[in-house]
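Below you'll find the structure, written out as structure tokens, and then a few comments.
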Amino acid sequence: MSVELAGIGAVLFDMDGTLVDSDAAVERAWKRWAAEYAVDPAAALAIAHGSPADRTIRRLLPDVDDHAVATAAARQLALQYDDLSDVVATPGTRELLDTLARSRLPWAVVTSADARLAQARLGAAGIVAPVLVTVEDVRVGKPDPEGYLRAAALLGVPVARCLVVEDAEVGLRAGRAAGALTAALKGLDGDLRLHDLAQLARHLESTPTAP
């Protein structure tokens, strides 16, 4: 790792694909939604990950009005609420959360999901977030930095001392715009590049905690 983490005072996590392996459920929902709305499913999947549903739908259906966007977004989320059969914690999540607890490092989840979906998926993965910021808590979703700025404020940690952990470019853009350090999964570029969360746990274990 090329970035020193000694000054980190909090960790801010994305949810889907970062703490929670819900990729299959997300893909199923977008494919079904695309079929219902006569949208190319490949086009939907190419831009949906990490973004709020309404932002994605505005790009896919640029000619519809705000009411239609809201209706389509509600339908997309409804397809995901009860699809939890294969939703689990991602590899290394438990190890990393245990490390944060031992190190007394505060953490939060910042997600483009709404509260109902976030609680359902976190619950399915056995994760209890001490602070949860959902799309309902912000005026503008990712890549806007508002969600990460709000999470840092709720934790009482300056955002410049926060590490944002993401698996989507839209989320990394949000973290960078907030002024946080970023840790990227899935081969993406961040201040840190991670194979999995266990790698971050090991690094934090060997790093002095911030005062």
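Observations, loosely collected:
- Of all residues making up the range 46-66, the number that are under 18 Å from the mean Cα position of the chain (by Cα) and open to solvent by less than 60 Å² (accessible area, probe 1.4 Å): 7
- One residue from Leu194, Leu188, Leu172 being free of Cβ contacts under 8 Å to residues at least 24 places away in the same chain, closer than 20 Å to Asp21 by Cα, touching a strand residue (DSSP E or B) at 6+ places or on another chain (Cβ under 6 Å) and of a type in the set (A, V, I, L, M, F, W, C): Leu172
- Residue in the range 159-178 that is more than 23 Å from Arg104 (Cα to Cα), among the hydrophobic types (A, V, I, L, M, F, W, C) and open to solvent by 30 Å² or more (accessible area, probe 1.4 Å) present: yes
- Extreme residue, least open to solvent (accessible area, probe 1.4 Å), among residues of the range 102-142 that are more than 17 Å from Pro52 (Cβ to Cβ) and out of contact with any Leu (no Cβ under 9 Å at 6 or more places or on another chain): Gly126
The values are calculated or read from the model by the stated rules, or taken from the named source; none is laboratory data. These numbers come from a predicted model, not from an experiment. Reconstructed Cβ throughout: ideal geometry from the backbone, glycine too, with neighbour counts over all protein chains shown. For the accessible areas, the whole protein counts, side chains as well, though only heavy atoms, and no ligand, DNA or RNA atoms are used. Shrake-Rupley method; radii C 1.70, N 1.55, O 1.52, S 1.80 Å.
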